[in-house]
Amino acid sequence: MGLRALPACVWPWAITFAAAMLWLILPASVRAQAGSGAGRGSGGLPPMTIAPAEGEAPEATPAPIVTKHHRVAPPPAVHHAAAPGAFVVPEPAQARLLLKEDALIYAEPSDASAQVEKGQKGKFVMVTGTTHYFLRVKLKNGEDGYVLAEAVAIDTPADKIFMLTRDTPVLNAPNHWARKVAEVHQGHAVHVIGIALSYMKIRMKSGLEGYIQASALE
């Protein structure tokens, strides 16, 4: 009630005096925080940090993502025919053929077996048998060796017409391990364009070429 009796001109001074007294009464730490609050964000309040609840582990900072670069291994080497030591019975053959290129001669029908000799381009080899990928040859010392068939000129050119004495498959290589690509039938004429060991290379009307056994012709 006493304050209401003060004249209007005294009110501003009273308010200023009360604020000053309150400032002096406040602890120094509070005054320091209030004085520096102007630059701490909206409304002069200090930035807030949200603490985890009691008993709750603080949120872990996610680990950086590390991209691993895996080295791509080269494809394994391709070996022809069976592994060394595997039992392979060559298909019988008899021919004296020319080497088209320098070629290694192996102890077994596999390029993973031991190398026993090196054949030179332009030299002849005596072929005594054939496997899926290799020709068996007779070496000068009388032993057998094996050379890749692709290194030998197997086909001898020919140009004849023959009649078939029986149905027979047409193969993609002159050995019985080869893949069947067609079939020709008894009584039909075939155009023979080459001789390869005990096989004939033929050309069909469709233009397809392949090998048939010589025993199927008359």
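Laboratory data are not the source of any read-out in this text; all were calculated from the coordinates shown. Predicted model only: the values in this text are computed from it and were never measured. Ideal geometry is used to build each Cβ from the backbone, glycine not excepted, and the neighbour counts take in all protein chains shown.
Table: residues versus (1) surrounded by fewer than 19 Cβ atoms within 10 Å (Cβ to Cβ); (2) not in a loop (DSSP other than H, G, I, E, B).
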{"residue": "Pro169", "(1), (2)": "yes, yes"}
{"residue": "Asn175", "(1), (2)": "no, no"}
{"residue": "Val181", "(1), (2)": "yes, yes"}
{"residue": "Gly187", "(1), (2)": "yes, no"}
{"residue": "His191", "(1), (2)": "yes, yes"}
{"residue": "Lys201", "(1), (2)": "no, yes"}
{"residue": "Ser206", "(1), (2)": "yes, no"}
{"residue": "Gly210", "(1), (2)": "no, yes"}
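The single condition among (1) more than 17 Å from Ser215 (Cβ to Cβ); (2) surrounded by 12 or more Cβ atoms within 10 Å (Cβ to Cβ); (3) not small (Gly, Ala, Ser) that Ile161 does not satisfy is (2). Among the residues of region 121-167, those identified as part of a strand (DSSP E or B) and among the β-branched types (Val, Ile, Thr) are Val125, Val127, Thr128, Thr130, Val137, Val147, Val152, Thr156, Ile161. For region 162-172, does any single residue satisfy the condition of being under 17 Å from Lys123 (Cα atoms) and of a type in the set (Lys, Arg)? Within region 162-172 (the criterion being under 17 Å from Lys123 (Cα atoms) and of a type in the set (Lys, Arg)), the answer is no, since none of the residues qualifies.
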